[in-house]
Amino acid sequence: MSDQQHNQAGFDAGPLPPAGTRPHETYVHGHHWRDRWEEADGAKLGMWLFVCTELLLFAGFFCAYAAFRLMYPDNWHEASRYYLDWKIGFINTGVLLFSSWTIVMAIRSLQLDKKFAAFIYLGITNACAICFLFLKITFEYIPKWQLGKLPGKYFNYPNYGPADPAVIDSTTLPEPAGPLVDAGHAITNGATDMVASAMNSGVMDVLPIAAKAGEEAHHVPMPHDHIFMSVYWISTATHGLHVFIGVVLITWLMFRVMGEHYGPRRYTMVENVGLYWHVVDLIWIFLFPLLYLV
Amino acid sequence: MSDHHAHYLAGKGSTGKTIMSWVWTYDHKKIGVMYLVAVLMMFFLGGLAALGVRAELFEPHYTEFVNDDGQVVADTKGYKGAGSDFVVPEGTTPEQRGVMFPNITVTTVETNPDTGERTEGTKTVTGNNIYNRAFTLHGTIMVFLFIIPAVPAALGNIFLPIMLGAKDVAFPKLNLWSWYIYLFGGMFAIFALIQGGVETGWTFYTPYSSTTEWGNVTAMVLAAFILGFSSIFTGMNFIVTVHKLRVPGMGWFDMPLFIWALYATSIIQVLATPVLGITLLMVVFERTFLIGIFDPALGGDAVLFQHFFWFYSHPAVYIMILPGFGIISEIIAVHCRKRIFGYRAIAFSSIAIAAISFLVWAHHMFTSQSPVANVVFSALTFLVAIPTAIKVFNWISTMYKSSIAWTTPMLYACFFLFCFTIGGLTGPPLATLAVDIHLHDTYFVVAHFHYVMMGGTVLAFVGGLHHWWPKFTGKVYNETWATVGGWIVFLGFNLTFFIQFFLGTQGMPRRYATYPTDIPAFEIMHKISTVGSWLLLLGFLIHLFVFLHSLLAGKKAARNPWGGLTLEWETETPPLEHNFEREPVMTHGPYDYDTARPVNADPALFPMPTDTPKAH
Amino acid sequence: MSHSNDHHAGAGEGHQQDHHLHVTPFAPMLIVFIVLLALTALTVYTANLHHIDVGNTRIEISGTAHILIALTIAVVKSALVLGFFMHLLYDKAVNTIVLASSLFAISLFLGLTLMDLAVRDSIEPYEAGELTPGGTKQVIRQSILRDEAGHGNAHEGEDHSADDNADDGHADEDHATDDQANDM
Amino acid sequence: MTLSTMSSSLATNAWDALWFRENGSAYAGEYNSIYYFIFWASAAFFVVLMVLMVWFMLRYKRRPGVAAEVSASHNTPLEIAWSVIPAIGFAIMFFWGTWAYLPKAVVPEGAETINVTAQQWQWKFEYPNGATSLQTEWISDMEQPLFAIPAGRPVKFLLSSTDVIHSFYIPEFRIKRDCFPNRYTVCWAEAKEPTHWFDPADGLAKPYDKNDDGKFTDGEQGYYLYCAEYCGDQHSQMTHRIAVLAEPDYQAWLEKQNNTDGVPLLDLGAKLYKTGGCAACHSVQPGGVGTGPSWHGIWGTARPGYQPLNADENAGAVVDEQYIRTSIIEPQSYYAPGFQGVQMSQYAGVFTDRELRAIATYIQSLSDDPAAVEKAKQKSDAEAAAQAASDAGAAEGAADESDPEVPAEPGA
């Protein structure tokens, strides 16, 4: 096709395909694009730029994580060990990886013009995403909320108490008062005080701490546990929000696929949502070991 | 499809349809014009706040309340409480005191020293925090609502696709989204700033911003977060447009330098803005959930916030100035009718500045970070000076042996070179560790960044506005009055800010509502600066009236009033709905003034070097 | 990879765009998925592994080593996702360049920020023990709580802080002042 | 300042005002040299560029019918030259600036350490002998503490903050360092010459008259300490005076500040109100408004309040010594009507036991009830008498003990 043709015809949609075909076959590219493949390339480039912004957004969390890990290495190692259960994270990693694979397969199915297979694959992806959120909320967020493993100021240090009643008497540790919800600034953060007092009085150094809640067995509370939980909450919650947005997008794609809007000649949107979904996976690939394992 | 041969400004039949054609437009030019109107409004709003700031600093004393006999009964320092003579009504809450104009009616008490008798009157309390809100208002509006979107989203939106020979930006719907996000974020910000005000400064340093009870910090931070998305979307759009929608035959090095500058800007917008987003989000979390990451009282680290913030906000400085560089490149080439000197050097230096901008952020933190990091960032900071210097040399070299039209845009280009060079040259003292320790956070810094931001970007923006005004409005403006306005702005600007360098070397700290009375230099210099700010107001008002007059009564502009060779001058004035009647064909480069003549140009008005004898 | 679905393409577009459609292959993607799962399992395994016995030698795995191992595996995993699932291996190079530039920015962001935090006390040492890097209100808290906690274990607490406070005198004075204030 | 004095000082000081302030510290001169090097190099550069620009504007103004000459569109040697030459200049600036700066980042051995605490919106110096400044001075129209430092030897400022970030800035010393909550930062300076002298008669540091040595410009009496990092409402009022004293004077002044035992409770309370940071937020006027409640007339009144750790106890409290002590050490324990949510800095460990009692006594003396005021005075006097007695007893054993009868410093 020569430029001359473009000058005359290129400013409109171009010749329309025969009527009566499926929507994705009659798709007309945007008037300002040379053709729909250019449009698809452009859309994909735009999506990659958006992927970059997502990565940089999460880089903020990773930077905060790394900064505090640098400052309080032992504290973070211990906190990661005792406040988070790697098993849920592990299952969720598998779930996300699987969903990544299924959305790749959904694109493949569209490329091969298998509408129904694409629909099924997208459905599985969606199911995985919902499963991820379900596991996360049911087995992580809700129990943590109940145990007071909340971010920052609202963090309730675990119900520590020394094994030997004689010691607890002599140190007169205050009873944990539940999630600290007193108003105002945390200069008088009682929880941190308690830990500080316990550390200072030497209890922490000498005795194994018997925890009342099984999850924190043998955990030695440390002064910056609440920062760890802050990073955990904000990064996983932001990630969870992305998963939720993914669910919405994929649901929308499922409707569009059923309406035959996508096919071998037009699947950019599916590909772009796929890219988005892979980024969600990518972030989790890093969040999982950093938060849960090391 | 609508009529392709109509001007983009043309009405759509009925008023309702015309309005809807703007509200739901995907046309980059209409979106750009809407941005332009918005950023100009923001400029005047932010400018008013700046005038208030300057007025407060006119003299060092606190506002005094004088009774009917001319005696001072109270002053605003009483707001502080120490030695206060104010009586606040019982039950006045911090919320009430936290509105923009507190309007707390207080009882002033005067005690007669002889008799001990007390007389009471009522006054309204104002105080430092009005001043603090005013400079925060000025800073946030100018940064987030004016200068970042000013050139890319307004002029860039209008001209980037046309200069590339494209019919629109790559994602017109995203462009519209970006505009509405800007509008929403802007209204959110104005709401936050007016209703309650914010007094953290535009930098939102924690722990002050995360703990202060005053004003609507959370709302303002969210607004800046929202505005970030607008900026990111514009950047993404431009990058894809430049990559994908150049007209056939236009290679990377056939692009006008304005496009190069916008491209470099877009890279920064896409790569840096998300970090601002997450930082501001964390400040919101800090305020709502007390996560403690940035709050030392909760075990966090306040310097970490500064790293996060400046990782965006220093590159953001280049988001602001790079498009200005682009405009100046265009103006100088067109009005000097000369092939630009060192095209590739200018293009590459734009990209180099974009890359280096990510390396230098912590020079904002020379007094807060570790001394070793200071050394690293000081060295990196000097790097960015080199490509900037190269640009200035190239522009001035372009003027050599050229044919310079004395027009308002060219006048502004000269003003730009003058002011930006000062702004640039006052950078090295601030990058030099030993000197910066003294100058950090003083008026030297204030003067420096106003010379760069205002003397650079704003002058370039106003110059660009004059340069392209006939093209996108289709109207001619009054050259005489525009020149007068330009000179007044230039003089007012230098009067306002040049003196501030010396305030800074004298040690006057930033963001002070008042200053010691026993250092006479402070007061004199502040007075001069304030007078300059009034001159600036006058200059900008003249420009405003010139533009309004042009819109209402201006003559129809020619297609190519300056004789430019870039593609925007080849289309109709104002441009068509889809920019070009037919896809343009690249017959010459953007600055081939020695070999090409603009389409339909009159050879008498547009002599070529080849057909005239040597000029001298 | 060839395909035959482009017959409906608009005039003048069909043959030119054949190369655009790269049908995602089945087998490589499945293999990548399985490898990813295996690597995840490996991460968990190594994270819970505290030492390796080679013959009679026991090699301890330090915390740093754990992080390095976990991050290396994560980088490999993300490279697989990027290359295969996200099609970078099949796409135009520009997408890879875009990604690389964002990784460049991220590395600067993390690298230089952490550089500052890491060298923070190289010239300007903390008053040891009084404050921890990043800091909490431990000084005041500890002194208050030391009193509140009674004197049962006080000597241990003092030992603890004395170790940290080894370097300068006025720090101890601070503590003394605190103690006075709270003795009332 | 009237216009006439302004214009006269403008004439005399205009040139001085263009440069850095007087060199107050040992290394200020070196910093000046670097600045002036950059300044003049930049100025030369700027002039050359602007002359070229203006000349081109005039010389190559467009003439009808005359085209621009064809000239090179680039010139690689020229472009390399103008990249490399500035780069060399920048390298000189960097190395000189860094080499000057780095040694100043390390505090010299044996420096006098002064703990500087910043808070909204006041500075506080704690001297090695535990003293804080009790001398105050009117700056602009506000009474602020004055801080003395010794001349001729390095002084290390150990900086911290109780609330938000502040920045410790003394222009004449060319030092600036941010103060963070819960962290220490340091900076140091070696003041060159004394600006003040110690008057043993009233125990105050007084500025040299500028006529004595012509050192100060109009009205200036020593150096200012500024807060250079925006810290809230009264940021611009965090401006205090630094008095540089010769060594013997400094020691005498320091001794004077330290000796609070002789100061009666009431006077001490009034001084601490000014110098301890209370005045930043609390008024002592009837109904005076501040960030915190006025102290006037609160003694003995009932306050609703709560204690966060025992939320059930909502009974409120009566303002007495215990209430005041708790409110200082744990400010969030109680609230005053209308001040819910206002954050007071924590003062735990800041005041000694006696100082806390002094503040309580001072508040008591601000009561509306004459009986309470009288009681406060009695308490103060009785304590002073008791102390005098015990000091007298101690003085028998130690001859060098200071005079217990020293009255309160003037200026309280």
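The values are calculated or read from the model by the stated rules, or taken from the named source; none is laboratory data. Fair warning: this is a prediction, and the values are worked out from it, not measured in the lab. Positions of Cβ are generated from backbone atoms using ideal geometry, with glycine treated the same way; all protein chains shown enter the neighbour counts.
Observations
- Contacts under 8 angstrom Cβ, first residue in region C:77-94 being more than 17 Å from A:Gly42 (Cβ to Cβ) and within 7 Å of another protein chain (Cβ to nearest Cβ), partner surrounded by 19 or more Cβ atoms within 10 Å (Cβ to Cβ) and among the acidic types (Asp, Glu), 6 or more apart: C:Val81/A:Asp281; C:Phe85/A:Asp281
- For C:Ala27, the conditions (1) surrounded by 11 or more Cβ atoms within 10 Å (Cβ to Cβ); (2) farther than 30 Å from A:Asn75 by Cβ are fulfilled apart from (1).
- Flag if D:Leu159 is modelled with pLDDT of 85 or more and aliphatic (A, V, I, L, M): yes
- Hits in region C:34-80 - residues which are out of contact with any Ser or Thr (no Cβ under 9 Å at 6 or more places or on another chain) and part of a loop (DSSP other than H, G, I, E, B): C:Asn48, C:Leu49, C:His50, C:Gly55, C:Asn56, C:Ser62
- Sole residue being modelled with pLDDT of 95 or more, among the aliphatic types (A, V, I, L, M) and part of a helix (DSSP H, G or I), chosen from A:Ile130, A:Ile107, A:Ile137: A:Ile130
- Matching residues, region B:172-224, being part of a helix (DSSP H, G or I) and β-branched (Val, Ile, Thr): B:Ile181, B:Ile190, B:Ile194, B:Thr211, B:Val217, B:Thr218, B:Val221
- Conditions (1) closer than 30 Å to B:Phe311 by Cβ; (2) at the interface with another protein chain (Cβ under 7 Å from one of its Cβ atoms): number failed by A:Gly94: (1)
- Checked against the criterion of being more than 30 Å from A:Ala40 (Cβ to Cβ) and either crowded, with 18+ Cβ neighbours inside 10 Å or at pLDDT below 90 (or both), the candidates C:Thr72, C:Thr64 yield just one match: C:Thr64.
- Some residue of region D:165-186 being of a type in the set (Asp, Glu) and under 25 Å from B:Ala513 (Cβ atoms): yes
- Exclusive hit being over 30 Å from A:Glu54 (Cβ atoms) and modelled with pLDDT of 60 or more, set A:Pro208, A:Pro221: A:Pro221
- Exclusive hit being assigned by TED's automatic domain parsing to the domain that holds B:Pro172, modelled with pLDDT of 95 or more, small (Gly, Ala, Ser) and buried (at least 24 other Cβ atoms within 10 Å of the Cβ), set B:Ala297, B:Ala302, B:Ala261: B:Ala261
Quick grid of which residues meet (1) more than 7 Å from every other protein chain (Cβ to nearest Cβ); (2) in contact (Cβ under 8 Å) with a residue 60 or more places away in the chain:
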position: B:Lys244; (1), (2): no, yes
position: B:Gly249; (1), (2): yes, yes
position: B:Asp254; (1), (2): yes, yes
position: B:Leu271; (1), (2): no, yes
position: B:Leu280; (1), (2): yes, yes
position: B:Phe294; (1), (2): yes, yes
position: B:Gly299; (1), (2): no, no
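- Within region B:203-221, residues that are over 15 Å from B:Pro296 (Cβ atoms) have Cβ atoms under 7 Å from residues that are crowded, with 23+ Cβ neighbours inside 10 Å and acidic (Asp, Glu) in these pairs: B:Trp214/B:Glu199; B:Gly215/B:Glu199, counting only partners at least 6 apart in sequence or on another chain.
- Among (1) facing another protein chain (nearest Cβ under 8 Å); (2) part of a helix (DSSP H, G or I), the one test that B:Tyr593 misses: (2)
- Summed over region A:32-41, the residues that are closer than 19 Å to A:Trp277 by Cα and without any contact (Cβ under 8 Å) to a residue 24 or more places away in the chain give a count of 1.
- Residue check, B:Gly539 surrounded by 19 or more Cβ atoms within 10 Å (Cβ to Cβ) and not assigned by TED's automatic domain parsing to the domain that holds B:Gly165: no
- The residues of region A:18-66 that are over 26 Å from C:Leu71 (Cα atoms), more than 7 Å from chain B (Cβ to nearest Cβ) and of a type in the set (Gly, Ala, Ser), listed by number, are A:Ala19, A:Gly20, A:Gly30, A:Ala40, A:Ala43.
- Single residue of region D:20-48 satisfying the filter (within 15 Å of B:Ala431 (Cβ to Cβ) and aromatic (Phe, Trp, Tyr)) that is surrounded by the most Cβ atoms within 10 Å (Cβ to Cβ): D:Tyr31
- Selection from region B:336-384 of residues that are away from chain C (no Cβ under 14 Å) and under 23 Å from the mean Cα position of the chain (by Cα): B:Ile346, B:Ala347, B:Ser349, B:Ser350, B:Ile353
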